[in-house]
Amino acid sequence: MEARELDLILKTIQTEVKLRGFSKATVKSYVLYNKKFLEFIEKKPNEIIEQDVKLYLAERLDDGLSTKSLALIKAALAFYYNEILGNKFEIKTPKIKKSTPVVLTKQEVSMLFSHIKNPQYLLMLQMYYACGLRLSECITLKVKDIDTLENVVWVRDGKGGKDRMSILSKNLSQSLKNHIESSGKKKDSFLFVNRYGNPFNPRTIQKVIEKAKHDSGIHKDVHIHTLRHSFATHLLEAGTDIRHIQELLGHSDLSTTQIYTTVSNQELKKIKSPLD
């Protein structure tokens, strides 16, 4: 296949995914996985059969790809060959393994924060934990999304293109006010920006939390999403209704939120072992 023809196909996929309202990350993934598939199979799209897709997915599985990544590739290919081209390929892949999320104790959260010296980084990470935000949601927050009077934060165009409200810590309200006033930010300004006035690169924030984890001596596998997991688990342990937590996290399916019951179960933890 000529490079120009491939570019046109990928442009079509990009346009269609955008029109469905998918996130930028999904657009990028769908284009990338379809490109890799076509380079692997060396056929034109109208020559592709169901077995070609199965062969490619089996190859990726042999490469040791996770079931989650494999499911994403399948979704990308099914979107183009079924949704756009009108095929009816029936492709099954292994179910995604649901691992128990890593959660920090409240003491570990405090330890982590105590090792972050940059005030803006600290405020950002406190927002992740206090509001249960996703990485992309926090770095794109704007001043107008923060309501310090009602103590709520509005997540605009979150996962699935939905707006939602989450809680804002009263302890953070004054710090946020000071941050906004000292920087002279306007309502449409991003809440957190780097030295160039742009939203932070996600990798920058991940490096901050990795350093804080190392400096605090925490041995758990800690990522920025760990703060979101900890937010949900600590709310559950405090007796918050799981459906309310579902809304705060922006989960469309309650079963996604229920994974936190496996790491909470405060009553079960109180049971003494027969050996004790």
Legend entry - At R0 = 22 Å, FRET efficiency that the Cβ-Cβ distance of ASP62 and SER99 yields, to 0.05: 0.50
Inset, instruction - Just rank ARG164, ARG228, ARG243, fewest to most, by other beta-carbon atoms within 10 angstrom. - result: ARG243, ARG164, ARG228
Inset, instruction - With volume of the Cα convex hull per residue in Å³ in mind, check (1) 120; (2) 138; (3) 184 and report the label derived from this structure. - result: (3)
Inset, instruction - Give the order of ASP157, ASP221 when sorted by the count of other beta carbons within 10 angstrom, beginning with the fewest. - result: ASP221, ASP157
Legend entry - Segment SER252-ASP7, extension gain: residue separation times 0.36 nm, minus the distance between their alpha carbons: 84.8 nm
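Where does the chain land at 222 nm, in deg cm²/dmol rounded to the nearest 500, when only DSSP H runs of n ≥ 4 count, each adding -39500 (n - 2.57), divided by all residues? Show your work: numbers first, answer last.
Details: 13 runs with 146 residues, N = 276.
Mean residue ellipticity, 222 nm, calculated: -16000 deg cm²/dmol.
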Inset, instruction - May I ask you to list the lysines whose Cα is less than 18 Å away from that of LYS144, ignoring any residue fewer than eight positions away on the same chain? - result: LYS162, LYS170, LYS177, LYS185, LYS186, LYS187
Inset, instruction - Please arrange VAL222, VAL193 by counting, for each residue, the other beta carbons lying within 10 Å of its beta carbon, fewest first. - result: VAL193, VAL222
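Can you tell me the convex hull volume per residue for the range 106-265, based on C-alpha atoms, in Å³ to the nearest whole number?
That works out to 119 Å³ per residue.
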Legend entry - FRET efficiency estimate (nearest 0.05) - Cβ-Cβ, GLN107 to THR148, R0 25 angstrom: 0.35
Legend entry - Linear extension gain, TYR196 paired with GLU181, 0.36 nm per residue minus alpha-carbon span: 3.5 nm
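Rounded to the nearest 20 debye, what is the charge dipole size of the chain about its Cα centre when +1 sits on each Lys and Arg Cβ and -1 on each Asp and Glu Cβ?
580 debye
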Legend entry - Euclidean distance between Cα centres, the range 199-238 to the range 21-40, Å: 28 Å
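Taken together, the values in this text are just the output of simple stated rules run on the coordinates, not laboratory data. All values derive from a computational prediction rather than experimental measurement. No Cβ is skipped: glycine too gets one built from the backbone with ideal geometry, and neighbour counts run over all protein chains shown.
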